[in-house]
Each structure stands twice: as structure tokens, then as C-alpha cells.
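S.K.: Structure in C-alpha cells, see below.
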Amino acid sequence: MKIKVSSFASIAFILSGLFMLGGCEKHDHTEQENITTIKLLVTGPGFDQTFTWNDSDGPGGNAPVIDEIVLPASTTGLQCAILVSDESQSPAVDYTAEISAENTAHLFTWTVSGGASLTITGADQDAYGKPFSQITNWVTGQSSTGFLNVKLYHEPTDKTNSANPGGEVDFDIAFPVKIQ
Amino acid sequence: MSLRHHAALTAACLLGSVAAARAQHCHSVLRGHITEGNQRDPLAYATVFVKEAGKSTLSDESGYFEIIDLCEDSSYTVEVSHVECAHLVQIVRVRENTTFDFNLDHDAVLKEVIIVEKALAPAPVQAQAALGQADLEATRGTNLAETLRKLPGVSVLSTGATIGKPVIQGLHSNRIALVNNNVVLESQQWGREHAPEIDPFSAGKIMVVKGAAGVRYGPGAMGGAVIIEPEPFRKQDGWGGWVSTGVFSNGRGAVLSGSTDWHKPGSSLVVRAQGTLKRSGNLRAPDYFLHNTGLQEYNASAAASWRKNRWEFESGLSSFNIQTGILRSAHVGNLTDLQLAIESDTPLNNRNLFTRVIDRPYQQAGHLTSRNKAVLRINDTWKLTGQYVFQYNQRREYDVVRSSGSASTRPQLSFQLWTNTLDATIEHQPVRHWQGGAGIQAVQQTNFVGRGGLIPDYHSLGGSVWLMERWRRYPQPWEFEMGARYDYRQTSATSTGSLNNIDTLVHFGNASGTAGVIYHFSRHISMTFNSGLAWRPPHVNELFARGVHHGAGTFEQGNAALTSEKAWNNNLSFQVNSDILTVNLSVYSNHIRDFIYLDPQNTFVLTVRGAFPAYFYKQANAVLNGMDGNASVRIGKSLYLEPGFTIIRGRRTTDAPTGDWLPLMPADRYQYAIRWSKPGGNKRESYIRMGGTTVLRQSRIPAAGLLKPAPAAYTLLNLDGALQLKAGEKPMELGLTVSNLLNTRYRDYMNFFRFYADEPGINISFRLKLII
């Protein structure tokens with residue numbers, strides 16, 4: 001009776017040891033992919049500025065830091081390239097190249113509101129000739145203020161419907177705009 | 001009956017001559033069922049003769065027999081005989097009121113077995129609902145929550161039709177315990193979308209304990225417990241088992257399951273192997289396919305049991321693995337997407353086609369349990385049990401991601417949970433009419449989040465001690481039970497991810513208790529009252545969560561200052577159990593102090609995906625009152641009417657607005673069915689049943705309102721039946737189950753996917769079970 005108990009107990013002990021070993025292996029976290037920062041590189045004749053929307057600690061915690069877009073009035077020939085990255089990791093991870101590589105599955109939309117005198121049109125296309133809008137042409141009018149909303153859609157179902165292209169929103173941010 | 005009984009008692013005591021150590025107490029009863037064969041069919045009109053007492057009786061139509069006025073602490077030679085079966089002689093030691101079931105074999109060799117002990121299995125003092133054998137067979141192939149859905153007091157919290165969690169009297173997730181073969185399931189049960197990793201095919205019996213079950217099952221059983229027990233090991237020598245297969249029209253799914261036992265001849269060793277395979281594709285709502293709702297599941301288990309002298313050993317290993325597709329339309333980016341989805345009558349981004357391919361987004365979960373038990377029968381009265389259990393749970397969620405990125409081959413959320421549990425229990429048979437036991441338990445748990453940051457890593461240690469005693473003295477109509485337990489849990493949480501830098505030690509300790517009484521009006525009618533105290537510590541997600549819950553369109557934040565929930569549950573039940581009428585009725589009031597819930601803040605958190613309404617974890621007092629029950633009324637010889645209902649009212653009693661209804665409480669539900677059963681049936685009966693379920697619109701919703709109004713009331717009709725046949729000598733069962741017979745279009749309040757799509761339409765399934 002005694003032998004039975006101890007051999008049974010030792011088997012159980014060994015088994016438990018084996019299982020616990022499994023728990024000691026992978027103890028390094030892999031960072032989650034996140035978009036934390038969107039940069040608008042606006043260039044044109046005599047103009048070169050970058051406007052950033054940044055929430056590097058992710059949702060919650062510190063509020064996002066949002067630059068105000070200040071543009072000269074009555075200007076044409078401005079172009080904007082949008083850059084998307086994750087600054088919560090170091091080094092920062094850039095996603096722009098990945099998104100452009102899959103441009104048929106992505107769409108950037110630009111919506112001006114609140115009375116700002118700013119017109120934005122797409123300046124590029126995806127591999128099928130449909131809108132992509134990672135590069136856009138900007139034209140400003142008179143002095144005014146308002147908002148610019150930028151969205152990135154993933155797997156949109158109708159790229160020609162910029163109000164509701166379908167798919168999922170990867171980011172949906174707003175900048176205050178001042179034309180002066 | 002009691003007057004006659006008293007007279008007989010007096011007469012027996014005066015005239016009877018019994019070979020006994022102590023002859024003064026001779027009012028014990030030996031009763032039980034006579035059954036035959038491996039299927040244990042009831043054997044009517046078998047003669048039961050107790051030699052030393054010179055008494056005999058015949059078993060009735062259900063095999064039941066009763067011999068009264070036997071002496072306590074005496075050995076009796078019991079002879080059971082029947083014209084069709086072999087004679088059976090067994091020596092039974094009668095303690096107090098003793099129940100023993102005698103099983104006769106058609107071709108049995110005469111055996112003389114000395115039974116050392118066999119006392120009465122106590123009637124439950126808590127409200128319970130057991131799944132009948134026919135209902136268990138009719139739901140084979142569905143998941144655990146679906147199997148339990150029709151029991152009174154039970155509802156389902158679901159995320160689509162393939163992911164469901166049981167809700168017992170309004171409580172779910174961390175507030176109920178799932179006990180599978182005496183092992184409390186330790187998994188990521190805090191998650192609303194995390195279904196239990198249990199295979200209902202491995203169950204021989206499923207029962208739901210309603211109300212505070214903390215004394216027996218620990219701090220995870222504040223609201224109740226689901227008890228799943230396997231079929232008992234094969235008693236005869238040789239091989240035995242069953243094979244079952246089923247096909248389902250909705251999802252074009254199939255399931256195959258089997259179990260085989262081998263009892264080594266001339267030994268006590270029994271070995272069992274069991275497995276289940278299940279595969280199905282996109283489900284279909286009445287008007288469209290639900291894209292990406294396929295699933296595949298494979299489970300296997302092995303167990304062995306053997307005895308040596310006074311020792312009994314049991315060892316088992318089981319593995320559960322499932323991959324579930326998440327409805328493509330349910331995957332939304334932000335609140336605007338969610339609003340668009342809510343306003344649309346049909347699911348957005350849906351593909352209206354059938355496929356078995358499971359694409360992102362999907363869930364994958366696996367669970368491994370290793371169970372080792374040793375039982376020592378110290379003597380006729382005392383029994384010592386030790387059990388060591390190891391559980392490993394792994395759960396991953398795969399989201400829709402850019403296919404060229406490094407994320408495309410990896411999960412977006414990955415959890416691993418290791419749990420070691422050690423139990424020691426001492427139990428005793430009635431000693432001066434008291435029966436019960438005490439036990440201690442030690443638990444160690446480690447959680448690791450490989451990817452994603454919803455909850456932190458943690459190490460947890462805990463210990464518990466409990467005691468439970470019951471008083472019973474036949475023929476007194478009263479039974480009393482009381483129990484107490486103390487648990488201590490300590491959790492050390494850490495997270496090195498940039499989103500959640502915490503390093504905290506929390507600890508909780510609390511007592512639970514139960515007190516109950518049963519009053520037997522007669523052999524058929526009884527009433528039970530149970531009052532229980534139970535508790536539960538806050539889980540790491542309630543303490544430390546911080547992030548967007550995309551599916552719900554909310555930003556949720558934990559509260560590290562939360563304390564334990566403490567519940568006081570009072571439950572009154574009424575049972576009638578006769579050939580013509582069966583009734584189970586329960587009314588309860590559950591007061592929970594410091595109930596943890598998500599409180600809307602009326603502020604928005606701005607994130608890269610837009611603004612999400614903020615919800616913070618808070619605690620306040622709450623009360624859940626309810627009533628549930630079912631009945632079976634026999635009309636004529638073979639027709640039965642089966643009504644049932646479940647009603648619950650849950651509200652907060654402190655914190656503004658006081659009296660606010662709790663969110664996600666099941667709506668009122670009424671069930672009704674008419675069944676025709678082949679008369680004389682017991683466990684294996686041929687029957688056909690037509691029934692319906694009516695669920696009302698949930699009008700009791702929190703003052704803050706809902707993102708989408710609660711869905712309209714609906715009624716579903718269903719049809720099920722089984723035919724018992726024989727394939728040669730082997731029993732065979734053919735079954736048919738049709739759910740949502742009229743292909744009704746509906747949405748259910750407790751289903752998160754009600755924002756996006758309708759529930760599945762009609763589902764016709766056929767099953768075949770062969771006993772080998």
C-alpha cells in the first residue's frame with residue numbers, strides 16, 4: 001500500500017514538473033501593432049511643414065497631441081503625403097510602405113468641415129486605377145478656420161463612395177485648420 | 001402512510017428476531033431499484049428477499065422496491081430473483097436508510113459480493129435542474145451553452161451562434177463555476193466572448209446547481225455551478241462503449257463521437273478512451289448566409305480506474321481544441337462603423353455564400369486537463385480523497401490585418417493559463433444521523449499574455465478550507481444541511497507592455513456559508529429552502545483593464561481599488577415527482593454587495609480610431625429576484641404536456657440612478673411542449689415532441705439606454721424525437737431535432753451579434769447512436 005502511494009505521487013509530481021516547464025518558456029512579450037502617429041507632410045512653393053497627430057501611449061492615458069494645420073490663404077500647388085507609424089515602440093515602426101504595398105485594400109478619405117476654405121483632391125491611384133489618396137493636392141481660399149477629418153479604410157467595398165466606402169476604419173482623426 | 005408505518009414498526013420490534021449487533025433500532029429502510037443489463041433497464045416484479053429478516057417484496061413497474069424495519073448496523077443477505085434473469089445474492093450492510101440498486105444480468109454468473117458500505121445519496125438542498133437523458137441526446141453535437149439553454153433558470157450569453165456561455169439566474173462568466181468531472185474549469189472565463197472549453201459529448205449527466213454554490217465549488221460559484229459527470233465506468237468484464245454521429249443542415253455540419261471502455265477480466269482496472277470531431281461551415285439566417293461563422297473542433301480524453309484493497313485510483317487526461325470563425329460583419333473599426341452597422345437591416349461587409357473556410361477574424365482555444373485522484377476507504381464510515389489536477393488553457397484571437405505585414409501570420413491576442421490544484425477531502429457516512437465531510441484545497445495559477453494587452457500577466461496563489469454536514473433521520477420528514485468555507489486568494493499582477501505598466505499585489509479573503517432545509521410532504525412532494533453566502537474576488541480585467549473593446553464600441557477602464565463581491569442568496573423550491581406529475585419550481589432573491597459593473601461616464605476617450613464612450617468598472621449593491629420552473633403532466637398513457645418558464649429582475653440598489661436595471665439580464669422566457677412517449681420507457685424511450693419557446697422583448701434596460709434598442713419578442717417552434725431500435729443485439733438510437741422549425745427571423749437580446757445580423761434560421765439534424 002505504501003509503495004503504491006509513493007510511486008503514484010512521484011509520477012504526479014514529475015508530470016506536474018513537465019507541465020510547469022511549459023510555463024517558463026516564452027516570457028518575452030511581443031509588442032502589439034498599433035497606429036499611434038499620423039504625419040501630414042505638406043509641401044509646395046515656399047512651404048514645407050509637417051503636421052502631426054500623436055497618441056504614443058495608446059488609447060486612454062494621456063490625450064492625443066494634435067497639431068493645428070496653419071496654411072497660407074489663396075495658395076495652389078500644395079501637396080500632402082501622409083505617413084502612418086507606431087511610435088509607442090522603439091525604434092518606431094513605419095506602416096506607410098505596407099499600406100502602399102496593399103493600396104488596393106486601402107483608402108484614405110479627407111473631409112473638410114466647419115467653414116475652412118480648403119479643397120483636397122486625390123493625387124494618386126491604386127494598382128487598379130481606383131482612388132487611394134495617400135498623396136493629395138491641397139488648394140486654399142480665403143482666411144477661415146475649420147476642421148480636417150482624415151480616415152484610413154481597410155478593405156473598402158466601394159472606393160468611389162468617399163462618404164461611406166465600407167470596410168473597416170483603421171484610423172479616424174481630426175485636425176483643427178486655420179487658413180490665414 | 002406514517003400511522004400504518006408506526007404500527008408495523010411496533011409489531012416488528014416486538015416480534016422480529018434479527019441477527020444484529022444492536023437490536024434496539026430497527027426502523028431502517030432498504031430501498032432502491034432493480035435493473036437489468038448494461039443499460040440498466042428497470043426490472044418490474046423482481047422478488048427481493050432479505051433472509052435474516054424473513055421479509056420479501058416485489059419491485060414495482062419502475063423497478064423500485066422498499067423493505068422496511070431493518071435494523072441499523074446489521075448485515076443482511078439479500079436475494080434478488082426474476083423469472084427472466086439469473087439469481088443474484090448480495091450481502092448488504094444496512095447503516096441507516098440505505099439505498100442499493102441491484103443490477104441483474106440475463107446471462108450472469110452467480111456472484112457473491114460483499115458491499116462494505118452504501119448509504120443514501122442525499123437529495124439536493126439547493127435548487128437544481130438536471131438535463132434529462134432524452135434532452136441530453138437531442139442536443140448532442142451542439143456546444144455546452146446550447147445544451148443547457150432550455151433548463152429553467154438558465155439562459156445563454158452569446159457572441160454569434162457558435163460562441164455561447166451559460167447564464168444561471170442572471171449570473172455568468174466569473175460568477176458561476178463549470179465543474180467537469182470534479183474539476184473546476186480554469187480558463188479565461190472573464191471574457192464575454194470566451195465560451196467554455198468543455199465537450200458535452202463526454203457527459204453522461206449534466207446538472208445545474210442554482211444559487212450560491214460557493215461552499216462546495218469555491219469563489220467562482222457565486223451564482224451557481226454546472227456539474228458535468230461522465231458515464232460511470234463499465235462494470236462488466238470486456239469491451240463496451242458507443243459511437244454517435246450527427247449531421248446538421250444549417251452550417252452543413254457533421255459531428256462524430258465515440259467512447260470505449262475496457263474492463264480487464266479478473267481485475268478492477270477499467271480503461272476508457274473517448275473522442276469527438278466536429279466541423280461546420282457558414283451558418284444561414286433566414287435571408288442570408290452569415291459569412292465566416294464556420295467552426296472545427298476536436299477533443300479526446302482517456303481515463304483509467306483501478307482498485308487495490310481499500311484504495312481506489314483514477315487518472316485521466318483530456319484535450320479540447322476549437323477554432324471558431326467570427327462573423328465578418330461584426331468586425332468594426334470604430335463607433336461610426338458601429339452606428340452604420342446598427343442602422344443597417346442587413347449585415348455590412350457580408351458575403352452571402354457558403355464556405356467551410358475559417359478566415360480572419362477567428363478565435364482558437366485549447367484546454368488540457370490532467371486529473372489524478374486517490375481514494376482511501378479508511379473503514380466502513382470514513383473515506384479520504386486526494387486529487388491533483390493540472391490545467392493548461394490557451395486562447396488566441398486572430399484579427400483582420402494587412403496581409404503583407406508581420407502581423408499577418410500571428411495572433412493579435414494570445415493568452416496562456418496554467419493552473420495546479422490540490423484537494424484533500426475527508427467524508428463520512430451517517431454517524432448519529434449526520435453525514436458530510438470537510439476538505440482543504442490549494443491553488444496555484446500563472447497567466448501569461450503573449451500578445452495584446454487586455455489583461456496583465458499574473459501569478460496567483462490560494463487556499464481554501466470547507467466543511468459540510470447534513471442531518472437526516474428516516475422517517476422524519478425533515479433534512480438539514482449546513483456548510484462553511486473560507487478562501488484566500490493572492491494575485492501578483494505585472495505587465496511590461498508599454499500600454500499597461502502595473503506591478504501590484506492584491507489579496508482577498510472571505511468566508512462563504514450555506515444552510516438549507518428539506519421538508520418531505522410525502523414520497524412524491526417536497527419543499528426546499530436554502531440560504532447561502534458566497535463571494536468572488538474581482539478579476540484582473542476588472543482591476544487593470546484599459547483599452548478599447550471594439551465589439552462593444554466602448555473604452556473600458558479597470559479600477560484597482562475594487563473589493564470582493566459578496567452575495568446572500570435565498571432560494572425556495574418546490575418539487576413534485578410522481579408518474580403523472582413532475583414539477584420543479586424555484587423562487588429566489590439574491591442580494592449582492594459590491595457588485596462589479598461597467599458604468600458609463602458620459603465622456604468620450606479620443607483614440608486613433610475615433611471617440612469611444614468611456615466605461616469605468618465600479619461597484620454598487622444589486623438585487624436579482626426571479627422565478628423559474630418546469631413541469632411535466634401526463635395525459636392518458638403516453639402523452640405529456642411540458643410547460644416551463646424563466647423570469648428574472650435585476651437592479652442596482654445603490655449609486656445613482658438607484659433602482660437602475662442591470663444590463664444584460666435575460667428577458668422573460670416561456671416554454672411549452674407536447675410529447676408523445678412510448679409507454680413504460682425510462683432512459684431509452686422512443687418519443688416525439690413538438691414545442692415552442694417565447695422570449696419577450698427585454699423592456700427593463702439601464703437608464704443610460706442601449707446602442708441599439710432591444711429586439712422584439714419572438715417565438716421559435718421546434719420538433720425533436722428519437723426512435724429506439726436494435727442493430728442485431730446492440731441498442732441503436734435514431735434521432736431527429738429541428739430547431740427554428742418555421743425559419744423565423746429574429747434577434748436575441750443576449751447575443752452581441754444582434755447589432756449586426758439575424759440569428760440562424762431553421763436547422764434540421766439527424767443523429768445515430770450505437771451502443772457497442
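The values are calculated or read from the model by the stated rules, or taken from the named source; none is laboratory data. Since the structure is predicted, the reported quantities are computational estimates derived from the model, not experimental observations. So basically every Cβ, Gly included, is an ideal-geometry build from the backbone, and we count neighbours across all protein chains shown.
S.K.: When segment B:567-590 is examined, which residues are found to be surrounded by fewer than 19 Cβ atoms within 10 Å (Cβ to Cβ) and of a type outside the set (Ser, Thr, Tyr)?
M.R.: Within segment B:567-590, B:Trp568, B:Asn570, B:Leu572, B:Phe574, B:Val576, B:Asn577, B:Asp579, B:Ile580, B:Leu581, B:Val583, B:Leu585, B:Val587 meet the criteria.
S.K.: Would you mention how many residues in segment B:534-569 are part of a strand (DSSP E or B), within 14 Å of chain A (Cβ to nearest Cβ) and touching a residue at least 12 places away in the same chain (Cβ under 8 Å)?
M.R.: 7
S.K.: Here's something else I'd like to know. Just for segment B:440-451: of the residues that are more than 16 Å from B:Gly509 (Cβ to Cβ) and free of Cβ contacts under 8 Å to residues at least 40 places away in the same chain, which one is farthest from the other protein chains (Cβ to nearest Cβ)?
M.R.: Taking the candidates together, the pick is B:Gln444.
S.K.: Additional query: Can you pull out every residue in segment B:347-389 that is within 13 Å of chain A (Cβ to nearest Cβ), under 30 Å from B:Gly251 (Cα atoms) and hydroxyl-bearing (Ser, Thr, Tyr)?
M.R.: Selection gives B:Thr369 alone.
Okay, residues lined up against (1) at pLDDT 85 or above; (2) surrounded by 15 or more Cβ atoms within 10 Å (Cβ to Cβ); (3) facing chain B (nearest Cβ under 9 Å); (4) within 28 Å of the chain's Cα centre (by Cα):
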residue: A:Glu25; (1), (2), (3), (4): no, no, no, no
residue: A:Leu40; (1), (2), (3), (4): yes, yes, no, yes
residue: A:Ala63; (1), (2), (3), (4): yes, no, yes, yes
residue: A:Asp67; (1), (2), (3), (4): yes, yes, no, yes
residue: A:Ala73; (1), (2), (3), (4): yes, no, no, no
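S.K.: Let me ask another. In segment A:161-172, is there at least one residue being touching a Pro at 6+ places or on another chain (Cβ under 7 Å), more than 19 Å from A:Ile38 (Cβ to Cβ) and within 14 Å of chain B (Cβ to nearest Cβ)?
M.R.: yes
S.K.: Sticking with this structure for a sec: So which of B:Arg593, B:Arg652 ends up being crowded, with 17+ Cβ neighbours inside 10 Å, basic (Lys, Arg), free of Cβ contacts under 8 Å to residues at least 40 places away in the same chain and in the same structural domain as B:Gln557 (by TED's automatic domain parsing)?
M.R.: Checking each option against the conditions leaves just B:Arg593.
S.K.: Next question, about the same structure. Considering only residues that are touching a residue at least 60 places away in the same chain (Cβ under 8 Å) and within 22 Å of the chain's Cα centre (by Cα), look in segment B:655-681 and name the one that is farthest from B:Gln169 (Cα to Cα).
M.R.: The extreme case among them is B:Gln671.
S.K.: (1) within 12 Å of another protein chain (Cβ to nearest Cβ); (2) surrounded by 19 or more Cβ atoms within 10 Å (Cβ to Cβ); (3) basic (Lys, Arg): which one isn't true of B:Arg410, the others all being true?
M.R.: (2)
S.K.: If B:Arg402 satisfies all but one of (1) in a strand (DSSP E or B); (2) over 30 Å from B:Arg93 (Cβ atoms); (3) within 14 Å of chain A (Cβ to nearest Cβ), what's the number of the condition it fails?
M.R.: Here B:Arg402 clears every test but (1).
S.K.: Residues that are touching a residue at least 60 places away in the same chain (Cβ under 8 Å), hydrophobic (A, V, I, L, M, F, W, C) and assigned by TED's automatic domain parsing to the domain that holds B:Ser464: does segment B:486-506 have at least one?
M.R.: Taking segment B:486-506 as the starting set, the residues that turn out to be touching a residue at least 60 places away in the same chain (Cβ under 8 Å) are B:487, B:489.
Cutting the leftovers down to hydrophobic (A, V, I, L, M, F, W, C) gives us none.
There is no residue in segment B:486-506 that is touching a residue at least 60 places away in the same chain (Cβ under 8 Å), hydrophobic (A, V, I, L, M, F, W, C) and assigned by TED's automatic domain parsing to the domain that holds B:Ser464.
Conditions tested, residue by residue: (1) within 30 Å of A:Gly60 (Cβ to Cβ); (2) touching a His at 6+ places or on another chain (Cβ under 7 Å).
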{"residue": "B:Leu606", "(1), (2)": "yes, no"}
{"residue": "B:Gln619", "(1), (2)": "yes, no"}
{"residue": "B:Val623", "(1), (2)": "no, yes"}
{"residue": "B:Gly626", "(1), (2)": "no, no"}
{"residue": "B:Thr654", "(1), (2)": "yes, no"}
{"residue": "B:Pro666", "(1), (2)": "no, no"}
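S.K.: Kindly evaluate A:Asp124 against the criterion of being over 22 Å from A:Gly58 (Cβ atoms), without any contact (Cβ under 8 Å) to a residue 60 or more places away in the chain and touching a Pro at 6+ places or on another chain (Cβ under 7 Å).
M.R.: Judged against the criteria, A:Asp124 is not a match.
S.K.: Return the residues of segment B:231-278 that are assigned to a loop (DSSP other than H, G, I, E, B), crowded, with 21+ Cβ neighbours inside 10 Å and polar (S, T, N, Q); say none if nothing qualifies.
M.R.: B:Asn250
S.K.: Which one is modelled with the lowest pLDDT among residues in segment B:307-332 that are touching a Leu at 6+ places or on another chain (Cβ under 9 Å) and facing another protein chain (nearest Cβ under 10 Å)?
M.R.: Looking at the filtered set, the residue picked out is B:Val332.
S.K.: Look at segment B:610-647 and say how many of its residues are part of a strand (DSSP E or B) and either under 30 Å from B:Asp579 (Cα atoms) or among the basic types (Lys, Arg) (or both).
M.R.: 18
S.K.: What's the number of the condition B:Gln296 fails, among (1) within 14 Å of chain A (Cβ to nearest Cβ); (2) surrounded by fewer than 22 Cβ atoms within 10 Å (Cβ to Cβ); (3) not charged (D, E, K, R)?
M.R.: Just one mismatch for B:Gln296, condition (1).
S.K.: Considering only residues that are within 30 Å of B:Ile198 (Cβ to Cβ) and buried (at least 21 other Cβ atoms within 10 Å of the Cβ), which ones fall in segment B:333-360?
M.R.: B:Pro347, B:Ile358 - these are the residues of segment B:333-360 that are within 30 Å of B:Ile198 (Cβ to Cβ) and buried (at least 21 other Cβ atoms within 10 Å of the Cβ).
S.K.: Can you report the number of residues in segment B:6-55 which are surrounded by 14 or more Cβ atoms within 10 Å (Cβ to Cβ) and modelled with pLDDT under 50?
M.R.: Going through segment B:6-55 one residue at a time, the tally reaches 7.
S.K.: Looking at (1) assigned to a strand (DSSP E or B); (2) touching a residue at least 60 places away in the same chain (Cβ under 8 Å); (3) more than 24 Å from B:Asp359 (Cα to Cα), which is the one condition that is false for B:Thr336?
M.R.: (1)
S.K.: Could you give me the residue pairs with C-beta distances under 8 Å whose first residue belongs to segment A:78-105 and is more than 9 Å from every other protein chain (Cβ to nearest Cβ), whose second residue is assigned to a helix (DSSP H, G or I) wherever it lies, and which are 6+ apart or on separate chains?
M.R.: A:Ile82/A:Thr96; A:Leu83/A:Thr96; A:Val84/A:Thr96; A:Val84/A:Ile99; A:Ser85/A:Thr96
S.K.: Additional query: Test each condition in (1) within 14 Å of chain B (Cβ to nearest Cβ); (2) touching a Leu at 6+ places or on another chain (Cβ under 8 Å) for A:Ala116 and report the one that comes out false.
M.R.: The single condition A:Ala116 does not satisfy is (1).
S.K.: Taking into account only those residues within segment B:610-636 that are among the charged types (D, E, K, R) and touching a Ser or Thr at 6+ places or on another chain (Cβ under 9 Å), which is surrounded by the fewest Cβ atoms within 10 Å (Cβ to Cβ)?
M.R.: Top of the filtered list is B:Arg634.
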